[in-house]
Structures are given as structure tokens and as C-alpha cells.
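Here the structure is laid out as C-alpha cells; the discussion comes afterwards.
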Amino acid sequence: MGARFQRARRALEVGRVARRSGLLRVLREIGVVGQRPATREGAREFRRALEELGTTYVKLGQLLSSRPDLLPDVYIDELGKLVDEVPPVPFAELEPVIREDLGEGVFASIDPEPLAAASIAQIHRALLTSGREVVVKVRRPGVVEQVELDLDVLRSTAALLERRFEAAQLLQIAALTDELEVHLRAELDFREEAHNAELIARLVADYEELVVAKVIRPHVTERVLVLERIHGRKVSPDHGLPQERASQLARTFFRAYVHQVTVAGVYHADPHRGNVLLTVDGQLALLDFGLLGRLDDDTRRNLSLLLLAIAQNRGDEVGDLILGLSLTTIGSDEPGFRHELRR
């Protein structure tokens, strides 16, 4: 009874936010219910609603922002601005979690003021008893229960939409919810993030301009992760680097991603500006490995062939490869698509 009541209460809360943000208009603009031109206003209200609803919905928006096959460009652009920032949890609520998971005598000091506070975790500066500077990432109390509740509501909503609207089936709303669940469960377990960080560190080890914070083992649990502290600042247009150095860093960053996707088939799947730091010595530090993308051999091979075909300006081959990688329907204008590519 308690779980049903909580689910119903959360569904009502989501419904209120959806009505206030004009969800029906949004569903029409993205093609789930009827059809109308996408607008900047509709996209902005959708983003704000996701931010208001918290962790699960912010992650849903971030997932959707990488799906131009599902959403109009104006929505993709707006969802790229999603902010995952929340008021910090008092350190007194996190300290017992750190003590329970890591024990006593690990830290000489921990700064109670957070370095960053997001919907899943909070990060604090700390000093190990060895004198090493680190950061401590701690999962927010109650976030697992909240995510479970939200996923339950989303699954019910997805099933309802797919029963009532053919467009929702074509957009694979239920499959998108399943994908969101996989991503969230991975991000909630810091043991997986630690493994991912070490994997990406090995993949970029040959790129001198790139660095990944070292995982400080054995101080890794499902709820707590201790990492080497890297001093730097977020990458911004006023980075202050000489143009030649900035171009070199950008090329290296891109080359490393092409290598991850086409050679390794494993890549850092959340490379927004908040997850890349410009270090004090002019390197790029990659952060936050809660989410990795993985590609099967056929997809990896086809993406490699696609990049080569683009580089060599072979329009017909590009078209064939893109269509082979895409979900098409009987209404897809494949000849028109090929013609536009050649043109």
C-alpha cells in the first residue's frame, strides 16, 4: 500500500508539472501525438520541466539530447543546456555514509563545503592521511529509492503511450525507458564508475594531452568513490590558450574519441563541458565515467567505414552506411535522403 501510494503521489506531481509546461504541445511537436512545428518555446518549457522533476528526468533529457533521430533540432539544442545542479546535502548527512563504507583513519581532513552538488552525488575536497589531495564522491541519500519510483512511473507512461499512439511505437518510447534504466543503474553504482575510469585511462594513455583522474583503491564502494584531485577549470570560449595549442588539444580530443568508437568500441558517453577540465598545465582532464557507450563489432566497423567514406566524399556509400545504421520505416524517403547527401 505504501509503494502504491508513493507511486500515485509521484505520478500526480509529474502530471502537474507536465500540464504546467504544456506537455500536450510538446508531444505534438516531437511527433508522439499528432503533428505541429517544433518551437523554441516548447523546447524551453520541456527542459525546465525535466529540471524541476529531478534526477531521473534530467538523465532522460540528457539521453534524448543525443538522439536527433527522435527529436527536432530545436529540442536537441535546448536539452544540451540541461543543468544537473541541486542544493547541497548537509555534510552531516554524508559523513556517516563515508565512515560506514570506508572506515576510520582514511582522511586527514574533508572539506564540508562541496566542490559540486548534482542530483546523484556530491563531491568534496579531501586530504588522505598520506598527504595526497583527493576528491570524495558520495551518493546522495534516498536517490536510489527516488529513481526506482520515477522509473516505475515512466514505464507505466511509456506503456500507455505505446498502446494509444502508433507514433510512440515508432519512436520506441518503452525501449528508451529501458535504456534510461540501464544508464541510471550504472551511474548509481560507483564501483562501475571506478572500473570505467580505469578502462578509459588505459584507452587514452598514449595521448599526452589527455588525462584521467586516478581511482584511489581500495577506497571504492557502491556509494563512495575516492579519486585523485586534478586542478583545473571548465573549458570555455575565454580559455586563454594560444590558438595553436587550443587547436592541438581539440584535435587530440577528437582523435581520442574516434579511436574509442572505431577501434575499442568503448567510449566515454557523457563528454559535455562540465566533464572536461582544462588543467593548470594545459592538458584536458576527462571526468565522470558513470556512463560508457559500447558498440558491437558490426556497428564499430560500419562507423569506421562511414568516416572513411565521408573523408573521401563518396556520397552513395555514405548513404548506404547511414541507412544501414539507422531505423527506417515504410514511410522513410530513402531515395530523397541519398539525393540530398549527393547534393
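The values are calculated or read from the model by the stated rules, or taken from the named source; none is laboratory data. All figures in this text were calculated on a predicted structure; none of them were measured in a lab. Cβ sites come from the backbone with ideal geometry, for glycine too, and all protein chains shown count toward neighbours. What goes into the accessible areas is simple: the full protein's heavy atoms, side chains included, and nothing from ligands, DNA or RNA. Shrake-Rupley method; radii C 1.70, N 1.55, O 1.52, S 1.80 Å.
Would you say THR55 is open to solvent by less than 50 Å² (accessible area, probe 1.4 Å), without any contact (Cβ under 8 Å) to a residue 60 or more places away in the chain and under 21 Å from ARG19 (Cα atoms)? No, not satisfied. Within the span defined as the stretch 251-264, every residue fails to be open to solvent by less than 60 Å² (accessible area, probe 1.4 Å) and assigned to a loop (DSSP other than H, G, I, E, B). Within the stretch 265-286, the set of residues being open to solvent by 20 Å² or more (accessible area, probe 1.4 Å), under 24 Å from GLU244 (Cα atoms) and under 16 Å from the mean Cα position of the chain (by Cα) comprises PRO271, HIS272, ARG273, GLY274.
If the Cβ limit is 9 Å and pairs must be 6+ apart or interchain, which residue in the stretch 95-113 that is without any contact (Cβ under 8 Å) to a residue 40 or more places away in the chain and on the phi > 0 side of the Ramachandran plot pairs with which residue that is in a loop (DSSP other than H, G, I, E, B) and surrounded by 10 or more Cβ atoms within 10 Å (Cβ to Cβ)? Going by the 9 Å Cβ cut-off, the qualifying pairs are GLY105/THR129. Among the residues making up the stretch 186-197, those that are out of contact with any Gly (no Cβ under 7 Å at 6 or more places or on another chain) and in contact (Cβ under 8 Å) with a residue 24 or more places away in the chain are LEU188, ASP189, PHE190, ARG191, GLU192, ALA194, ASN196, ALA197. When GLU187, GLU244, GLU179 are screened for being open to solvent by 60 Å² or more (accessible area, probe 1.4 Å), within 30 Å of ALA159 (Cβ to Cβ) and in a helix (DSSP H, G or I), only GLU179 passes.
Inside the stretch 127-145, residues that are open to solvent by less than 50 Å² (accessible area, probe 1.4 Å), of a type outside the set (D, E, K, R) and closer than 19 Å to GLU222 by Cα make up a count of 7.
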